Structure formats: C-alpha cells, structure tokens
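Mind looking over this structure? Questions follow.
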Amino acid sequence: MTKALRIGIAGLGTVGAGVVKILAARGDYLAAACGRPIELVAVSARNSNKDRGIDLSGVRWESDPMALARADDIDLVAELIGGSEGVARELVEAALKAGKHVVTANKALIAHHGTALARLAEEKGVALNYEAAVAGGIPIVKTMRESLAGNEIRSIHGILNGTCNYILTEMETTGRDFADVLKDAQDLGYAEADPTFDVGGIDAAHKLAILASLAFGTEVDFANVHIEGIEKISATDIAFAREFGFKVKLLAIAEKVDGGVVQRVHPALVPEGTPLAAVSGVYNAVAVDGDRVGHLVLEGRGAGEGPTASAVLSDLADIARGLILPPFILPAKKLKAPAKPAMDTHKSSFYLRFLAVDRAGSMAAITQALAQASVSIERIVQRGEAGKKASGDGRLPVVFITHETDEGTMARVRALLAEHEDVAGTPQVVRIEDGELR
Ligand SMILES: NC(=O)C1=CN([C@@H]2O[C@H](COP(=O)(O)OP(=O)(O)OC[C@H]3O[C@@H](n4cnc5c(N)ncnc54)[C@H](O)[C@@H]3O)[C@@H](O)[C@H]2O)C=CC1
Ligand SMILES: N[C@@H](CC=O)C(=O)O
Ligand code: NA
C-alpha cells in the first residue's frame, strides 16, 4: 500500500470531532477504498482538556493551529474552525503556500476569498476541497464540479440553511416561537457561532455565492447577493400561507436573466406539492435546472455532526485517491467576472399582509390604491368579516396574493400602504416563488 495521507485537523467542535470519529470507525475501510490510509497526525483546538468523546491517543496536540501548516509530517490541513478572517484564513493561506492540500467546511471563507484561494491552490498544484461548506451532507459541490459539466445551468433553487429550515418547520408544526426553536438548533450543533448569520440569511448567501460560481463559471461574488433573513416571518404568516396552499421557506436562488446572474436569498412562499415545499427540519435541498439534464433535486441533511463530517471525509478520500481538481469548475484564472443585474426588475407574485382599519369602504380604498399602482390582486383573505372584529382596536388582518409584478412596483406599494389612512403599520411583504419549482 502507498504511504499514508497524513492530515492535521484544526478545530474539534461539532464538525472536527465528527471527522475524528469517522476516521476511527472506518479507517480500514477508507484505506482499502483509497489505496492508502488516511492518518491523523496532529490536531489543534482551543481547549486541550475538553472531553469530546474521541480518542486522541498517539495524535500530537498543537496549541497553535498555524503549526499544522508548518509541519513537515503533514500533507493536508483540515480547517474546521470557521470565520472568513483571522486564524481560519491565515491557516488556509499558510497551508496552501506550504504546498499542503486543504479541506474546509468554511463557507464564509470560500464565499469571501474563494477565487484568490483557488488561484493559490492551483499555483501550488494542491487541492482546496469544501464539500461540507455547501448543504452539509449533500454532495452538491461534487455534483456541480464533476457530474454536470456537460450542462449549461439555467438556475439553482436551494434550501441551504438547516437552522432556518428547522426553525420554520418547528414554528409550523408546533407553533413554538422563534427564539425557543433557535436555542434547540444551537444545542443540536446546527447554528453558526454567530446565529444571526443563519437567521439573517448570510450563511445561505455564502453557500449560494459558491454554488453560483460552480454553476456559471464566474468568480465567487458574495458582495452581490441580495439577502433577507427569516426574522420578520411570524407564525401568523406561516398559518396564512398554509391557508393559501404554500409553505414558507428561506430560499437561495441563482438564475440567469438578461444581463447576467441574479443571486438572491429571502423567505418565500413555495407551493405545497413541489419538491422544495416538502423539505423539512434540518434537511437542505438543491434544485438545479440544466439545459441537458433538466430538473434535478438533491436532498439531505444540511447541518450537524454526521452529515457535515461525512462531506469532509468525501473530500479527504478524493485527495487520498489522487483526485486533485481545480477548486471551482474552471481554472481560477478563467473564472469570469460576474455581471450584476439589478434586483428591482425581478418579477414575482407577492403575499401582502396588513391590518386594515375596520370602517365601511376601507377595503375598497385600499384595493383602489393598489390598482392605481398597477398591482392586481389574485386572492384576498380578510379576517373578522360580518362584523366580527379580529382585534379589539377595530383593525382587521388582511392578506392579498398579488398577480406577478416587479420588485420596484412592490416596494412603492408597500410604502404607499404604510402611509395609507386605512392601513395600520407597515405591511408584511413576502415573495411567492413557483415558476421553476414544479
Ligand atoms: N455545525 C455544522 O452543522 C456545520 C458547520 N460548518 C462549518 O464548519 C466549521 C466548524 O463549525 P463547528 O464545528 O460547528 O464549530 P464549533 O464551534 O463547534 O467548533 C469550532 C472549533 O474550532 C476551535 N477553534 C476556535 N478558534 C480557534 C483557534 N483560534 N485556534 C484553534 N482552534 C480554534 C474551537 O476550539 C472548536 O474546537 C465552520 O466553518 C462552520 O461554518 C459547515 C457545515 C455544517
Ligand atoms: N449553520 C449552518 C450549518 C451548515 O452549514 C446551517 O444551519 O445550515
Ligand atoms: Na455538501
């Protein structure tokens, strides 16, 4: 058997500890599958005394993770710390410069510095693999990079954040509140170190920017992702959406339009009966539309120890087998600078919820205001008709589903309703996404 692939792991949290467990449990099988063993030589984490339920006897402990990049007895550094800057970035750069392969689960790092790091890896002839960074255990990076190369990709629609999908599902099925469910997701090891990255849509945007680069052969362009999180979604919205036949999901979408690729992350109403509407809990899914393959949907667990470590192991196994590919679908110097079409020309139907003042003629005045703004209404639900007020202050919850209109018009309508004498407060507006999902 050829000599071992000698690895150093930085970070022994949810993901790092999961990787050590798989190496211990399946070391012999992996050695046979790869033609050589994957040998854990050294590790580094913040606390050397913590019990992680893993056996590190015979493994060197480095208090400084940078020592892994310098060590002569290490061929590959697995960066499982996290963060787009600081020690994670320094470690990955140093390891690549030292001619070592790198495997990382760090989507923030790849989203911000992926193109430059890919250039560095290619100059040194080493691998930079990051399967765990996008949609956890789903082999989507491998699918995009290796299996769909014969396709011109038209769009990607993803549920890319396990924490958000878990929260939305729990809110729907149990009626529990947001903060309570977020705490569960943290306890289960799903959430980022800063959970506002999850609920604010930033984590999904990191993953989307990476997928868009793989899909369209462009540089990773995180700065141009339109990002909205799920913080504004209430149990009321989820219940109304259900009444209209929709689920509420945080979607991550990259699609070709005239003038380039639009990348957007936002909550959306998704029609029940479509593949993405059925994705629940910590599960992620990616729906790809390619000109030859047509629609393809991959679904699996997007976060947590087992699924994420499984993806890291797939990267390690590829490198042990000698499969060293450019990190993105094209060599880094051939990645095109992305065109950046404006989001405000994007069109969809919208869900619009607000409190209408309960007086004769208020609905007529509101619908007239929408008609004047050229927005037509497909469906209306108004609570508290026949004189039954929904709240004691004379305000009635109303939901409109609009026909297709563009973002710019909807922004104007929202502002107009916020100022309208028959509307209390600012309306809730959520996009409806149905075209490409069936
Ligand atoms: N938890 C999950 O479900 C997933 C996590 N990821 C990514 O994997 C990476 C790791 O995430 P988790 O394991 O969840 O994080 P974690 O917080 O559980 O573990 C982080 C580890 O890094 C170590 N660390 C932090 N600063 C360090 C430093 N300066 N020097 C040495 N070690 C240091 C900590 O001691 C800890 O062992 C992140 O990039 C995350 O975004 C990716 C997919 C899923
Ligand atoms: N915090 C992330 C972890 C995986 O990438 C998520 O919830 O999806
Ligand atoms: Na993955």
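Please treat every number below as a calculation from the coordinates, not as lab data. The structure displayed is predicted, hence computed values, not measured ones. Neighbour counts are summed over all protein chains in view; Cβ atoms, including those assigned to glycine, are modelled from backbone coordinates with ideal geometry.
Restricting to DSSP H runs of at least four residues, report the calculated mean residue ellipticity at 222 nm for the chain, -39500 (n - 2.57) per run over all residues, nearest 500 deg cm²/dmol.
That calculation yields -10500 deg cm²/dmol at 222 nm.
Then there's this: Work out the FRET efficiency for A24 and V293 from their Cβ-Cβ distance, taking R0 = 41 Å, and round it to the nearest 0.05.
0.60
Given Cα positions, please report Rg to Rh for the chain, the hydrodynamic radius being the Kirkwood one.
Here the Rg-to-Rh quotient is 1.04.
Quick one: if you stick a label point 7 Å off each Cα along the C-beta vector at T236 and A365, how many nm between them?
Using points 7 Å along Cα→Cβ, the separation is 2.0 nm.
Can you give me the C-alpha center-to-center distance between segment 275-314 and segment 396-432, rounded to a whole angstrom?
When both Cα centres are located, 33 Å separates them.
To continue, here is another question. Rank the residues H101, H403, H266, H226 as a footprinting-exposure proxy: fewest other Cβ atoms within 10 Å of their Cβ go first.
Final ranking by Cβ density, sparse to dense: H403, H226, H266, H101.
Could you please rank E146, E433, placing first whichever residue has the fewest other Cβ atoms within 10 Å of its Cβ?
With the sparsest Cβ surroundings first, the list reads E146, E433.
Within segment 251-275, which residues have the backbone N less than 17 Å from the label spot 7 Å out from A337 along Cα→beta-carbon, could you tell me?
Residues passing the 17 Å test: 259-261.
Would you mind checking the tilt of helix 305-320 against the longest principal axis of the Cα atoms of the chain, expressed as 0 to 90 degrees and rounded to 10?
Its long axis makes an angle of about 50 degrees.
How large is the Rg to Rh ratio of segment 5-133 when both quantities use alpha carbon positions and Rh follows Kirkwood?
Dividing the radius of gyration by the Kirkwood radius yields 0.94.
Give me K249, K100 sorted ascending by neighbouring Cβ count inside 10 Å, so fewest comes first.
K100, K249
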